[in-house]
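Written out below as C-alpha cells is the structure these notes cover.
Derivation of every value follows stated rules applied to the coordinates shown; laboratory data play no part. As the structure is a computational prediction, the values presented were derived from the model and not from experiment. We place every Cβ from the backbone using ideal geometry, glycine too, and count neighbours over all the protein chains shown.
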Amino acid sequence: MLRSPTFWIVLAIAALVAADLVLQDGAALIFLGRELLALIGWLAFWR
C-alpha cells in the first residue's frame with residue numbers, strides 16, 4: 001500500500017525548508033514568519 005499523502009506533504013515541506021536554508025540562508029522563512037505575525041496581529045484586532 002502506498003504511503004499516505006500526509007507523508008509526502010511533510011516531506012515536500014521539509015525539502016523546501018532545507019532548500020531555503022541552504023540556498024538563501026532562510027530568507028523566505030523569515031519573510032513568512034513576519035507575515036504570519038502580522039496576520040495574527042490583524043486577526044487579533046478584528047476579534
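Observations on the structure shown:
- Our estimate of slack between Ser4 and Val22, defined as 0.36 nm per intervening residue step minus the Cα-Cα distance, is 3.7 nm.
- Each of Leu29, Leu11 was scored by other Cβ atoms within 10 Å of its Cβ. Arranged with the fewest first, they read Leu11, Leu29.
- When every Cα-Cα distance of the range 5-45 is counted in 10 angstrom steps from zero, the calculated P(r) takes the values 28, 34, 32, 6 percent.
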